[in-house]
Amino acid sequence: MQSAPTTPADEDCGYRPPRTVVSPDLTIPFHGDFYTRPGPRPTTADYWAGHNVTAHEVFSSVEDSLDHFWFRNKLYPGYIDLLPVEGWKDKVILDYGCGPGNDLVGFAHYSRPKELIGVDISAVSLAQAQARLSLHEATARMIHVPYDQYELPLDSASVDYVHCSGVLMLVEDPERLLKEFRRILKPDGELRLMVYNYDSIWLHLYVAYVVQIEHELYSDVDVRAAFSRTTDGEDCPLVYVWDREEVSAMARATGFVPECLGAALSLWELHLLPKRFKAAMDPKLRRESRDFLLDLEFDVHGFPRHRGVYAGIDGCYRFRPER
């Protein structure tokens, strides 16, 4: 597994009052001081209790709920094809890191599973998910787990399908969690994951150029550390980003046979693509990122590919239990 991003040692960093950087090319305002600010930082449990993908929105109808479901998916072209919510009728489905229930709603509405299970570290999000499911006249077994608990109260070989989207890279010991998924999956079951993709426009253009060079944010740390600070919110305690080889190695180490399904782009990445050549001309850009940007090829829709895979932030994988 890739080690944690390299950051300056705390004792070597003199704290400076934060400057708020606001730009239409940044996803949110940033201070740029995460690694140097004094005082305690939020725990992962605290952070995700206050943040979720719907911003705690309350839905008033099935139509309202489904509109948001499809809005979220349209922000990431191709994602729903790689991690579909259809085709799981009469299956036992576990959505690990379900948050406020966007994908639970998708499974309930489009698949009608035998049993639906949602797991999250945020009791607030689980309650919101249950309320949203009730609009669809659907229910799920909700399991609240502390951040550092990897064991699940589920029998071995009891789950047909594990869906884990945007979560594995936020836990300290991803291999331990993968081993738990391997335990609960049936021999013919499968796990599908979305994890952050190193070989992406997000890392090589947004982080390496827009963030670190244009706005001089986290320019004194390596690109993985800068990615961690500027992707899921500046205060998010831990965010890994992996390439295909790293993900495949974790799969094999935990009893799975991996398959890279592809990657989904974000509209944010497509929005930034016009900066591609400006970035490549900047001598301060990392050589790896320059080569990545100049090696891109484009499909008929203008979507970029790198070595045959869409160059998006959402790396999607299917893991099957090794037999």
Checklist outcome for this item: For residue 49, the net charge from surrounding residues (Cβ-Cβ under 13 Å; K, R +1; D, E -1) works out to -3
Checklist entry - Between residue 270 and residue 46, what length comes free when the chain is fully extended (0.36 nm per residue of separation minus the Cα-Cα distance, one decimal in nm)? => result 77.4 nm
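What's the magnitude of the charge dipole for segment 205-301 around its Cα centre, counting Lys and Arg as +1 and Asp and Glu as -1 at the beta-carbon? Answer in Debye, nearest 20.
Charge dipole of segment 205-301: 180 debye, to the nearest 20.
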Next on the checklist: Can you return the lysines within cross-link range of residue 284? Criterion is Cα-Cα under 30 Å, with same-chain partners fewer than 8 residues away left out.
Outcome noted: 275
Checklist outcome for this item: Among 91/179; 74/186; 89/186, the pairs whose Cα-Cα distance exceeds 26 Å are 74/186
Checklist entry - Over the chain, what percent of the accessible surface lies on carbon and sulfur atoms, probe 1.4 Å? => result 51 percent
Checklist entry - Want the number for residue 124 to residue 235: 0.36 nm per residue separation, take away the alpha-carbon distance, what's left? => result 38.0 nm
Checklist outcome for this item: Checked segment 111-192 with the C-alpha gyration tensor, a ≥ b ≥ c its square-rooted eigenvalues, rounded below a/c of 1.5, otherwise prolate if a/b is larger than b/c and oblate if not; verdict oblate
Next on the checklist: Among 218, 266, 50, which residue has its Cα furthest toward the positive end of the charge dipole of the chain, with +1 on Lys/Arg Cβ and -1 on Asp/Glu Cβ?
Outcome noted: 266
Checklist entry - What does the helix-only formula give at 222 nm for the chain: each DSSP H stretch with n ≥ 4 adding -39500 (n - 2.57), the total divided by the residues, and the result rounded to the nearest 500 deg cm²/dmol? => result -8000 deg cm²/dmol
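Working out 0.36 nm times the residue gap between residue 257 and residue 139, then minus their Cα-Cα distance, what length gain in nm do you get to one decimal?
Additional length available on full extension: 39.3 nm.
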Checklist outcome for this item: Of all DSSP beta bridges having both residues in the chain, the percent classed as antiparallel (nearest 5) is 50 percent
Checklist outcome for this item: Taking a probe of 1.4 Å and leaving out DNA, RNA and ligands, the chain shows per residue an accessible area in Å² of 45 Å²
Next on the checklist: When a/c reaches 1.5 or more, the comparison of a/b and b/c decides; with that in mind, is the chain rounded, prolate or oblate per its Cα gyration tensor?
Outcome noted: prolate
Checklist outcome for this item: GNM on the chain, Cα springs under 10 Å; top mean-square fluctuation among 213, 93, 121 goes to 213
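The values are calculated or read from the model by the stated rules, or taken from the named source; none is laboratory data. What you are looking at is a predicted structure, and each value in this text was computed from that prediction instead of being measured. Positions of Cβ are backbone-derived with ideal geometry, glycine not excepted, and every protein chain shown enters the neighbour counts. SASA here: full protein model, heavy atoms, side chains in, ligands and nucleic acids out. Shrake-Rupley method; radii C 1.70, N 1.55, O 1.52, S 1.80 Å.
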